[in-house]
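As structure tokens, the structure follows; a few thoughts come after it.
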Amino acid sequence: DFGLSRLAETDLSHISTCAQGTLGYLDPEYYRSYQLTDKSDVYSFGVVLLELLTSEKAIDFGREAEDVNLAVYVQRMVEEQKLVDAIDPALRKGATELEVETMKALGFLAMGCLEEKRQNRPSMKQVVEEIEYIISIATAKVHPKYFNQ
């Protein structure tokens, strides 16, 4: 989150600061510990991934009160087994079954990135590996001749 960037002396080991950043993208544990970690970046990436899948803003006060926070809204949709309904209708329209399944897989990956507790989130390396896996499965099904050699 570039809102958290600060100029600092190069010989400092850390900077103490009060909670700040862009609403909707911040790791919930940051509010409790004031510590940003690599898992904080994973949380923020999960929000961006949801924005791409839903075409919605991370925080939108134009939505119903319980749905203002995109992460909370999509989590509710997952619990109700309606993840597909949260995906942008323009993306779903005309999509093949494989494309919808790929979007769902990315949605579930995003939800893994948004786990409340940092230790339950994947590392960014694991996120990249999962995205590569999802793409490889989709590609193999679309272009099987490349994978049956």
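Quick check on my filter: what residues within region 55-72 are of a type in the set (G, A, S), open to solvent by 30 Å² or more (accessible area, probe 1.4 Å) and at pLDDT below 95?
G62, A65, listed by residue number.
Among what's in region 73-108 and is under 21 Å from L23 (Cα atoms) and within 12 Å of the chain's Cα centre (by Cα), pick the residue that is surrounded by the fewest Cβ atoms within 10 Å (Cβ to Cβ).
Of everything passing the filter in region 73-108, Q75 is surrounded by the fewest Cβ atoms within 10 Å (Cβ to Cβ).
Which residue pairs have Cβ atoms closer than 7 Å, lie 6 or more positions apart in sequence or on different chains, and pair a first residue in region 134-149 that is modelled with pLDDT under 55 with a second residue that is in a helix (DSSP H, G or I) and among the small types (G, A, S)?
F147/A140
Would you pick out the residues in region 26-54 that are polar (S, T, N, Q) and open to solvent by less than 90 Å² (accessible area, probe 1.4 Å)?
Matches in region 26-54: S33, T37, S40, S44, T54.
From the list A110, A86, which one is in contact with a Ser or Thr (Cβ under 6 Å, 6 or more places away or on another chain) and not acidic (D, E)?
A86
The values are calculated or read from the model by the stated rules, or taken from the named source; none is laboratory data. A quick note: this is a predicted structure, and the numbers were derived from the prediction, not measured. Positions of Cβ are generated from backbone atoms using ideal geometry, with glycine treated the same way; all protein chains shown enter the neighbour counts. Ligands, DNA and RNA are stripped out before the accessible areas are found, and what is left, the full protein with its side chains, is counted by its heavy atoms. Shrake-Rupley method; radii C 1.70, N 1.55, O 1.52, S 1.80 Å.
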